[in-house]
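All remarks here apply to the structure that follows.
What follows draws every value from the coordinates through simple rules; no lab data is involved. Remember, predicted model here, so these are calculated numbers, not experimental data. No Cβ is skipped: glycine too gets one built from the backbone with ideal geometry, and neighbour counts run over all protein chains shown.
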Amino acid sequence: MTHVFHRNPRSKLPMAVAGEGMMLIDQQGKRYLDASGGAAVSCLGHGHPRVVEAIRKQVSELAYAHTSFFTTAPAEELAAMLAEAAPGALNHVYFLSGGSEAVEAALKLARQYHVEVGQPQRRHVIARRQSYHGNTLGALAIGGNAWRREMFLPLLIEAHHVAPCYAYRDRAEGESDAQYVQRLADELEQKIIDLGADQVAAFVAETVVGATAGAVPPVADYFRKIRAVCDKYGVLLILDEVMSGMGRTGYLFACEEDDVVPDILAIAKGLGAGYQPIGAMLCSDRIYDAVLQGSGFFQHGHTYIGHATACAAAVAVQKTIQEEGLLANVRQRGEQLRAELHQAFAGHANVGDIRGRGLFVGVELVADRASKAPLDPSLRTHARIKSEAMQRGLLVYPMGGTIDGRRGDHVLLAPPFIATPADISEIVQRLGEAVTASLA
Ligand SMILES: Cc1ncc(COP(=O)(O)O)c(C=O)c1O
């Protein structure tokens, strides 16, 4: 009997007792190769001495000081590092304790911006189907993950959804990338017009869709077209890079690859690499100045925002990534991972698509490659793969409901940025065995 209210109270979990680099180790001494960093969190692997030391040092000097009384050196240093690295005028950083909090703050700041600039009628938020922005009520409301939302629908604020950019399934036969992207931009424009051309506050999207659909990158030019539509109607663009940001795609900010700068950006996971719970919201000068010159106060806050120890850990994580040139490794090992997956699954009848960017890779499973028909959801193939992989000492992040919240299965891979070529090959080999065993 356990007193911990586990997320799945019926499951029997092994007890993790140690972490070393790419490995997690349980109480029985079994070693697991971490190919997903939990949910794309542990980007430096486990037990990194530099981060451990930074935390130790910060706790012994000053663990925490409330942000209504003080700022701290690690918060200032981390904000300066992020602002310096972020594209465009994303120069202001608001620290939080995770991804959902970063998204909540982004939504409230978007709303407050419009109030500050004299457009209080802007209240609608548009997001995309098959997306995930967090589990707190605001983030859940705008998310498009049907099964996560269903039970809580009566509690959720109004939000509106358009199609995601999911080329493998949604690009029509014979449609070019350019035509597909135009169709999606037109759909967003029509949605804005339907809601009222001056009534929409923000459009929210994951730069690369994470767990809900399995590392789905946008088609070229998608975000440039979306940005143009947002600008035309004064709608703020919020990009959620909680999972895809902080180097996961091989770029510190995933949107760099799409040549687009949002007005507000949410990050978390890889920011602190799991060593401390930390997230952040970045906003542009224009948004920040509206608050500064307007009410002078962002109507938000939590007890642990700007937590000194969390910021110190994140500074150490980000310096390590920079100084060890790990983004280049992410790009190279990512290429290797996709190439080896293609090779391993070339003849596999149930592997429909292999996609992603950097070390953020999705493998979508199907019943039939030609028709792309999904596997029967009652088989719970994703859950079997997770279990077969764990039996083989491999941690991956599979999920069901890839297509519409109910149908479809995929496996998300997000190994630490320190992965070696041998680690990547080992991941592919064990995953191949797990997939074959699950579909047998
Ligand atoms: C894209 C995205 N946004 C938001 C969140 C929520 O973050 P957290 O679980 O840290 O609250 C997640 C978590 O998986 C995510 O992937």
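For this structure, a couple of remarks:
- Between amide H atoms placed 1.01 Å from N, distances below 5 Å from H92 occur with C283, all of them 5 or more places distant or on a separate chain.
- Phi to ³J(HN,Hα) by Karplus 6.51 cos²θ - 1.76 cosθ + 1.60 over the range 157-167, Hz, x for Gly, Pro: 5, 5, 8, 10, 10, 10, 5, x, 9, 10, 4
- Summary of packing: across the peptides 228-234, 63-69, the per-residue average of other C-beta atoms within 10 Å ranks them, highest first, as 228-234, 63-69.
- Amide H contacts for L394 (H built 1.01 Å from N in the peptide plane; partners 5 or more residues away or on another chain; cut-off under 5 Å): L33.
- Global form of the chain, assessed from the alpha-carbon gyration tensor, a/c cut-off 1.5: oblate
- Where trypsin sites (Lys or Arg not before Pro) fall in DSSP loop in the range 13-84, at most 15 other Cβ within 10 Å: K30
- Magnitude of the charge dipole, the range 43-159, Cβ model with Lys/Arg +1 and Asp/Glu -1, debye to 20: 460 debye
- Rounded to whole numbers, the Karplus 3J(HN,Hα) couplings from phi for the range 17-25 are 10, 7, x, 9, x, 7, 10, 10, 10 Hz, using 6.51 cos²θ - 1.76 cosθ + 1.60 with θ = phi - 60°, and x at Gly and Pro.
- Taking every full run of DSSP H in the chain, the ones that stretch at least 20 Å from end to end by Cα along their long axis and average -1.0 or higher on the Kyte-Doolittle scale are 99-116, 177-195, 308-323, 326-345, 421-439.
- For the range 155-299, the dipole from Cβ point charges (+1 on Lys and Arg, -1 on Asp and Glu) about the Cα centre works out to 320 debye, to the nearest 20.
- For the chain, the tally of Lys pairs with Cα-Cα distances below 30 Å comes to 19, considering only residues 8 or more apart or on different chains.
- From most to least packed by mean Cβ count within 10 Å, the peptides 335-348, 378-391 give 378-391, 335-348.
- For the listed peptides 400-406, 296-302, 240-246, a ranking on the average number of other beta carbons within 10 Å per residue, highest first, reads 240-246, 400-406, 296-302.
- Per-residue ellipticity at 222 nm, computed for the chain from helices alone with -39500 (n - 2.57) per DSSP H run of at least four residues, works out to -12000 deg cm²/dmol.
- Rounded if a/c under 1.5, otherwise prolate or oblate - the range 201-307, Cα gyration tensor axes: oblate
- Simple spin-label estimate for K319 and M15 gives 3.6 nm between the two label positions (7 Å along the Cα-to-Cβ direction from each Cα).
- Under a 5 Å amide H cut-off, with hydrogens placed 1.01 Å from N, S131 pairs with G144, N145 among residues at least 5 apart or on other chains.
- Normalised by the number of residues in the range 209-272, the average gap of Cα pairs under 8 Å and 6 or more apart makes the relative contact order 33 percent.
- Taking label positions 7 Å along the Cα-Cβ direction at both A228 and A65, the computed distance is 4.9 nm, reported to one decimal.
- Annotation: the residues D423, D34, sorted from fewest to most other C-beta atoms within 10 Å of their own C-beta, follow the order D423, D34.
- Taking the Cα centre of the chain as reference, the dipole from Cβ charges on Lys and Arg (+1) and Asp and Glu (-1) amounts to some 1180 debye.
- Estimated FRET transfer efficiency (D376, A197; beta-carbon r; R0 35 Å; 0.05): 0.20
- Prolate is the label for the range 93-186. Its Cα gyration tensor axes, ordered a ≥ b ≥ c, give a/c of at least 1.5 and a/b above b/c.
- Neighbourhood net charge (12 Å Cβ-Cβ; Lys/Arg +1, Asp/Glu -1) for H48: -1
- Counting Lys and Arg as +1 and Asp and Glu as -1 over every other residue whose Cβ lies under 13 Å from the Cβ of L413, the net charge comes to +2.
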